[in-house]
Amino acid sequence: MSTLNVANISDGADTVETGYVVNGSAKAWVNFNGTGTVAIRDSLNVSSLTDGGAGTYSYTVSNSFANTNFSCQGTSHAVGAAWMLSPQTLADSTSTARFYVVNSAVGASDASQCDGTIQGDLA
Amino acid sequence: MTHLWDRLAEAKSRLAPVQSKYRVLFENPSDMEAPASVLVPDPNWMAAALAGNVLPPIDTYLRDQNVPDGQPKEHPYAEPVGPMTEEEAIEYLVKKDISPQVWRDYNGNRTIMKIVPVELIPTERNFRNAWKIKQIEEEITA
């Protein structure tokens, strides 16, 4: 594998420091089906997804983060409904993020399309 | 040694994902009222495990569980292991992603973990929060 060692990246008009790109990129992401046979559609740096109950999921990364202060985001939707997904980091884990999916009646609910990303410093 | 994240990204670009034919059912021994959880292996991770030379030894993850927050971890820089069978990969994943209190420390009579074919997991989820692992009485032979 080759390595480009550069301080800035430019397209000729705009220039950005390499650090912005490296630090701002998602270090893990996942897209999964949370209904029926729960399964991951695609991902990067994810080892498994855990279905913990109705509307409750967590996923674990392969390459852990340097500390527990990473940031996770997520979205979800099902046919005919846009549901809120509440991502959560765990205070004692550098490798797991949890999702709660809540429907319009504020009840835990499964969603067919769930997506999550994590940004942070890798171990 | 190439960093684990770089190996994972390279493997994803090279290997076709593999949906596992297994799921791992487990219950939390410290919260027996909680529904059973179902661990779903990631298809890109499974492809890397089957191909080999991507994932670090499982021992490095177990040692890293004792590393204080913010201190250097061993697993991203460890020499990768060779190819695994799907069954070996599931065993690796159990140790990596399920708490040791489930697969190592539990001494109770109730079965709290099972590796099952994906077909045995119900697709009907109306009563998902009532799921428990089916207990099968041990056959007593003379």
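Each value in this text was obtained by applying a stated rule to the coordinates, not by laboratory testing. These numbers were taken from a predicted model, which means no experiment stands behind them. Ideal geometry is used to build each Cβ from the backbone, glycine not excepted, and the neighbour counts take in all protein chains shown.
By how many nm would the segment from A:ASN67 to A:SER25 grow when fully extended, if each residue of separation counts as 0.36 nm and the alpha-carbon distance is taken off?
That pair, A:ASN67 and A:SER25, stretches by 13.4 nm at full extension.
Convert each backbone phi in segment B:113-121 into a coupling constant with the Karplus relation 6.51 cos²θ - 1.76 cosθ + 1.60 (shift: θ = phi - 60°), then list the ³J(HN,Hα) values in order as whole Hz, x for Gly and Pro.
8, 9, 9, 9, x, 4, 5, 7, 7
Among B:ALA47, B:ALA130, B:ALA36, which one shows the biggest mean-square fluctuation in a GNM of chain B, springs joining Cα atoms closer than 10 Å?
Between B:ALA47, B:ALA130, B:ALA36, it is B:ALA130 that shows the largest mean-square fluctuation.
Would you calculate, for chain B, the mean residue ellipticity at 222 nm contributed by helices, counting each DSSP H stretch of 4 or more residues as -39,500 (n - 2.57) and dividing by all residues, to the nearest 500?
So the helix-based figure for chain B works out to -8500 deg cm²/dmol.
Which angle from 0 to 90°, rounded to the nearest 10, does the C-alpha axis of helix B:86-97 make with the longest principal axis of chain B?
90
Could you list which residues have their amide H under 5 Å from that of B:ARG23, counting only those 5 or more apart in sequence or on another chain, with H placed in the peptide plane?
B:VAL116, B:VAL118
For chain B, take the longest principal axis of its alpha carbons; what is the angle in degrees between that and the long axis of helix B:4-14, to the nearest 10 within 0 to 90?
Computed tilt is about 90 degrees.
Rounded to whole Å and sorted largest first, list the principal axis extents of the Cα atoms in segment A:10-66.
Dimensions of segment A:10-66 along the principal axes of its Cα atoms: 49, 25, 15 Å.
Under a crude label model (7 Å from the Cα following the beta-carbon direction), how far is B:LYS134 from B:ASP69 in nanometres?
About 4.2 nm separates the two model spin labels.
Can you work out the FRET efficiency for the pair B:VAL116 and A:ASP14, with r the C-beta to C-beta distance and R0 = 45 Å, to the nearest 0.05?
With R0 = 45 Å, the Cβ-Cβ based efficiency is 0.30.
Does segment B:1-116 classify as rounded, prolate or oblate by the C-alpha gyration tensor (a ≥ b ≥ c root eigenvalues; a/c under 1.5 gives rounded; else a/b over b/c gives prolate, otherwise oblate)?
It comes out oblate by the Cα gyration axes.
Could you tell me the center-to-center distance, by alpha carbons, between segment A:68-123 and segment A:3-38 in angstrom?
First find each Cα centre; the distance between them is then 20 Å.
Give the cross-link partners of B:LYS132 among the lysines, using a straight C-alpha distance below 24 Å as the criterion and excluding same-chain residues fewer than 8 apart.
B:LYS21, B:LYS95, B:LYS96, B:LYS114
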